[in-house]
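A.B. asks: Right, I'll just put the structure down here and ask away after.
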Amino acid sequence: MAETESILRISSLKKYFPIQRGFFKKNVGTVKAIDDVSFDIHHGEILGLVGESGCGKSTLGKCILNIVRPTSGERLLKLNDRYINLESMNKEETKEYRRTVQMVFQDPHSSLNPHMTVYNILREPLLLLNNEKDKSKTQAIIENAINMVGLKPEHLIRYPHSFSGGQRQRIGLARAIITQPKLIVADEPVSALDVSIQAQILNLLKEMQELHKLTFLFISHDLAVIRYLCDRIIVMYLGHIVEAGVKGDILNSPMHPYTNALLEVIPKGDKSLLGTKKLLQGELPDPVNIPSGCVFHPRCPYCRDVCKAEVPKTVVKDERLVKCHFPLNF
C-alpha cells in the first residue's frame, strides 16, 4: 500500500430496494442490498471487495459511482484537497467527480458502443469531461492511452466487434484511464474472460497501478484473483462487511468463518487436504428474508444459540475488522 491518505470515505451506507407488486404498486417487502457499511479507500492502493453473487458488491460499486443513490449514509470523496459529499455536489463538482472516478465494466462486449470506432469511444470522455477540443492533443492523448493498455494506434480505426474479449477489456480500461482519474471501480473485470486472458488483464492492472499510482476498488467473487492483485481485502456477506484487513492478515489468519470458507475452496495443490476442508454449505439466504442475529449463522459450522438471536458487534483489532460473536484466530 503506497499511502494511507483516504481518497474515499464511506460511512454507515445503506441501500434498500422496495419490492412493489400489484396494480397499485404496493410495497410488500424490502431488499437490504447494503446494510450499514463503512470503510475507506486509501490513495494508491488496490482494495479488493469479495463475496458471493448477491452479497451487494456491485450495488456498493454503483453507489460509489453515483449510478445508484443510497438510502442513507455518507460518501465523501477527496477533490482538490478537500472532501465533498456526493449527495450535495454542485454542477462543477459533479463534472470533476466524473473525471476523478471511472469504471471498468464486467462485460467488455456490452460496455462498448458497437457503432463507434475505438478512437471515438476514447475521444468521447475527453470531449464531455475534459473539454479537450484540440485535435492534435486529443490524438496524442488517445494514442498514449491505447499504447498503455498494450494495443496499437492502428486499432483506433476498428470497431469493438473486431476484437477479442481481452482486447475489448483493454479498450475499456483505456477509456477509464483517459481522463486521468484518481479512483477506478473495476466490477468483475476478468470474470467474462478465459483464464489465460484473465492473467494478462490482471498483470496490466497491477502494472498501471504501480506506474501511475492509480487507486482501484476491485470487485470480485473470486478470492484467488483478489489474493493475487489486492493490498487490502473487504469481505461482504448479504449486505454486510463481515471482515476487512490487510491482505496478508486476511489470507494467513482469517477471523470470520465465511472468510475461512472462501479460502478453503482456493486450490492448494495438496491432494492430501481433500476431505479435510470445512466447505461452505447451503445457499445464500433470500435478501428479502434476512436471517435473525448473525446473517451468516444458517451456514456457519461454528454457530451457537447467541448467533441466532443477537447481531454481532463489529470488532476492530490491529487494523483488522471482524463482525462475529466468536471470531477465529482472535
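The values are calculated or read from the model by the stated rules, or taken from the named source; none is laboratory data. Note that the structure is predicted; figures quoted are calculated from it, not measured. Positions of Cβ are generated from backbone atoms using ideal geometry, with glycine treated the same way; all protein chains shown enter the neighbour counts.
A.B. asks: Say we look at region 210-229 and pick out the residues that are part of a helix (DSSP H, G or I) and in contact with a helix residue (DSSP H, G or I) (Cβ under 9 Å, 6 or more places away or on another chain); which of these is surrounded by the most Cβ atoms within 10 Å (Cβ to Cβ)?
C.D. replies: Among those residues, the one meeting the criterion is Ile226.
A.B. asks: List the number of the failed condition for Asp81; all other conditions in (1) farther than 25 Å from Ile290 by Cα; (2) surrounded by 19 or more Cβ atoms within 10 Å (Cβ to Cβ) hold.
C.D. replies: If we test Asp81 against (1) farther than 25 Å from Ile290 by Cα; (2) surrounded by 19 or more Cβ atoms within 10 Å (Cβ to Cβ), just (2) comes out false.
A.B. asks: Condition check: surrounded by fewer than 19 Cβ atoms within 10 Å (Cβ to Cβ) and among the small types (Gly, Ala, Ser). Does Gly56 satisfy that?
C.D. replies: No: the conditions fail for Gly56.
A.B. asks: Here's something else I'd like to know. Just to be sure I understand, how many residues within region 278-330 are under 20 Å from Gly245 (Cβ atoms) and outside any loop (DSSP other than H, G, I, E, B)?
C.D. replies: So the count comes out to 8.
A.B. asks: Additional query: For region 1-52, how many residues are more than 20 Å from Val295 (Cβ to Cβ), buried (at least 19 other Cβ atoms within 10 Å of the Cβ) and among the charged types (D, E, K, R)?
C.D. replies: 1
A.B. asks: Can you tell me which residue within region 55-71, out of those that are within 19 Å of Ile233 (Cβ to Cβ) and not polar (S, T, N, Q), is farthest from the chain's Cα centre (by Cα)?
C.D. replies: Cys55
A.B. asks: Given the structure, is Arg123 surrounded by 17 or more Cβ atoms within 10 Å (Cβ to Cβ) and either at pLDDT below 95 or of a type in the set (D, E, K, R) (or both)?
C.D. replies: Against the criterion (surrounded by 17 or more Cβ atoms within 10 Å (Cβ to Cβ) and either at pLDDT below 95 or of a type in the set (D, E, K, R) (or both)), Arg123 qualifies.
A.B. asks: Polar (S, T, N, Q), farther than 23 Å from Leu60 by Cβ and in contact (Cβ under 8 Å) with a residue 40 or more places away in the chain - does that describe any residue in region 168-180?
C.D. replies: Yes.
A.B. asks: Let me ask something else about it. Applying the selection to region 10-65, what residues are free of Cβ contacts under 8 Å to residues at least 40 places away in the same chain and either hydroxyl-bearing (Ser, Thr, Tyr) or within 19 Å of His240 (Cα to Cα) (or both)?
C.D. replies: Scanning region 10-65 gives Phe17, Pro18, Asp40, Lys62.
A.B. asks: Just the residues that are farther than 23 Å from Ala199 by Cβ and either part of a helix (DSSP H, G or I) or in contact with an Asp or Glu (Cβ under 6 Å, 6 or more places away or on another chain) (or both), please, taken from region 230-239.
C.D. replies: Val235, Gly239
A.B. asks: Return the only residue of Ile84, Ile7 being within 17 Å of the chain's Cα centre (by Cα) and touching a residue at least 12 places away in the same chain (Cβ under 8 Å).
C.D. replies: Result: Ile7 is the single residue among Ile84, Ile7 that is within 17 Å of the chain's Cα centre (by Cα) and touching a residue at least 12 places away in the same chain (Cβ under 8 Å).
A.B. asks: Still on this model: Among the numbered criteria (1) within 21 Å of Asn130 (Cα to Cα); (2) within 21 Å of the chain's Cα centre (by Cα), which single criterion is violated by Phe105?
C.D. replies: Of the numbered conditions (1) within 21 Å of Asn130 (Cα to Cα); (2) within 21 Å of the chain's Cα centre (by Cα), the odd one out for Phe105 is (1).
A.B. asks: Now for a separate question. Among (1) without any contact (Cβ under 8 Å) to a residue 24 or more places away in the chain; (2) farther than 30 Å from Ile290 by Cβ; (3) outside any helix (DSSP H, G or I), which single condition is Leu127 missing?
C.D. replies: Condition (3) is where Leu127 drops out.
A.B. asks: Taking only pairs six or more apart or across chains, which ones have beta-carbon atoms under 6 Å, a first residue in region 248-263 that is farther than 18 Å from Cys230 by Cα, and a second residue that is buried (at least 24 other Cβ atoms within 10 Å of the Cβ) and of a type in the set (Asp, Glu)?
C.D. replies: Pairs found: Met255/Glu243; His256/Glu243.
A.B. asks: Being at pLDDT 90 or above and more than 30 Å from Pro18 (Cβ to Cβ) is true for just one of Arg75, Arg98, Arg158, Arg69. Which residue is that?
C.D. replies: Arg158
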